[in-house]
């Protein structure tokens with residue numbers, strides 16, 4: 001199945017239609033935001049029947065993104081492409097990056113009209129941050145977009161972000177999809193990816209599959225949980241970074257990737273089910 005053929009209902013731009021759930025608005029609802037409709041909140045209510053702490057998962061992902069971007073800033077990456085950026089919230093990628101390096105360039109990409117409208121309003125006074133309208137499940141469309149071409153220099157290292165995006169891609173060729181993103185990146189580039197995660201532990205896998213069933217049959221129509229091996233297959237040709245000193249360089253729950261301190265309590269089931277990996281291209 002090609003990326004063009006593999007279309008979940010949520011892959012098609014929803015815009016302001018209150019009768020269709022959108023990935024961006026459902027995620028906003030999971031974070032406790034206000035930029036969502038009743039149909040988006042209904043998806044979260046359905047998921048809460050099996051994963052009552054779904055907000056833990058959303059915030060684990062959001063907080064990981066901040067740490068992963070700070071890591072890339074520390075590696076002197078000064079240009080970023082954030083795929084499927086979603087609705088603006090606290091600590092967006094450009095804010096994290098440009099706090100450390102005001103001259104760094106960030107290009108967000110999305111094709112949801114509501115996301116594009118919010119982003120354009122937010123970025124109206126920004127001189128180093130841009131939004132490109134592109135389907136993130138068509139890598140060539142992203143890279144060939146005039147805004148990306150005009151502001152990202154593919155002869156220098158790039159920071160590529162796919163935060164909670166590929167688990168909405170329904171095709172079984174997700175590894176090839178990511179290869180199309182990674183192959184054109186120059187040496188020294190970094191990739192940060194998070195994804196619904198099946199840790200292949202009986203009690204957690206059961207919850208993951210029940211959540212997957214609800215997501216994929218909900219008004220949103222997508223949300224697949226994949227294993228460690230499947231997620232690692234999405235990082236071809238990259239050197240994976242160890243998530244903490246002394247740990248294997250592999251996929252871990254987001255909250256275990258370079259945490260700011262020891263967790264105040266054991267991870268909830270929901271926190272265990274959002275995984276991540278960060279790697280660089282030699």
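The values are calculated or read from the model by the stated rules, or taken from the named source; none is laboratory data. Every value quoted in this text rests on a predicted model; they were computed, and no experiment measured them. In this analysis, Cβ positions are derived from the backbone assuming ideal geometry, glycine residues included, and neighbour counts consider all displayed protein chains.
Descriptive notes on the structure:
- Selection within the range 178-234 - part of a loop (DSSP other than H, G, I, E, B) and exposed (fewer than 15 other Cβ atoms within 10 Å of the Cβ): 183, 184, 186, 187, 188, 200, 201
- Whether a residue is farther than 19 Å from residue 71 by Cβ, modelled with pLDDT of 95 or more and under 16 Å from the mean Cα position of the chain (by Cα) was assessed, and residue 196 passes this test.
- Only listed residue being closer than 21 Å to residue 87 by Cα and modelled with pLDDT under 95, chosen from 136, 147, 166, 131: 131
- Matching residues in the range 121-131 - criterion: being under 22 Å from residue 143 (Cα atoms) and in a loop (DSSP other than H, G, I, E, B): 123, 126, 127, 128
- Within the range 88-121, restricting attention to residues that are closer than 19 Å to residue 21 by Cα and touching a residue at least 40 places away in the same chain (Cβ under 8 Å), the residue that is surrounded by the most Cβ atoms within 10 Å (Cβ to Cβ) is 115.
Residues are listed down the side, and each one gets a yes or a no for (1) in contact with a strand residue (DSSP E or B) (Cβ under 9 Å, 6 or more places away or on another chain); (2) at pLDDT 95 or above; (3) within 19 Å of residue 161 (Cβ to Cβ); (4) not in a loop (DSSP other than H, G, I, E, B):
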{"residue": "18", "(1), (2), (3), (4)": "no, no, no, no"}
{"residue": "47", "(1), (2), (3), (4)": "no, yes, no, yes"}
{"residue": "71", "(1), (2), (3), (4)": "yes, yes, yes, yes"}
{"residue": "81", "(1), (2), (3), (4)": "yes, yes, yes, yes"}
{"residue": "106", "(1), (2), (3), (4)": "yes, yes, yes, yes"}
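- Test: residue in the range 85-97 that is under 16 Å from residue 157 (Cβ atoms) and in a loop (DSSP other than H, G, I, E, B): no
- Residues being surrounded by 20 or more Cβ atoms within 10 Å (Cβ to Cβ) and under 15 Å from the mean Cα position of the chain (by Cα) - total across the range 65-87: 11
- Some residue of the range 112-120 being modelled with pLDDT under 95, closer than 29 Å to residue 179 by Cβ and assigned to a loop (DSSP other than H, G, I, E, B): yes
- Residue in the range 251-282 that is surrounded by the fewest Cβ atoms within 10 Å (Cβ to Cβ), counting only those that are under 17 Å from the mean Cα position of the chain (by Cα) and free of Cβ contacts under 8 Å to residues at least 60 places away in the same chain: 256
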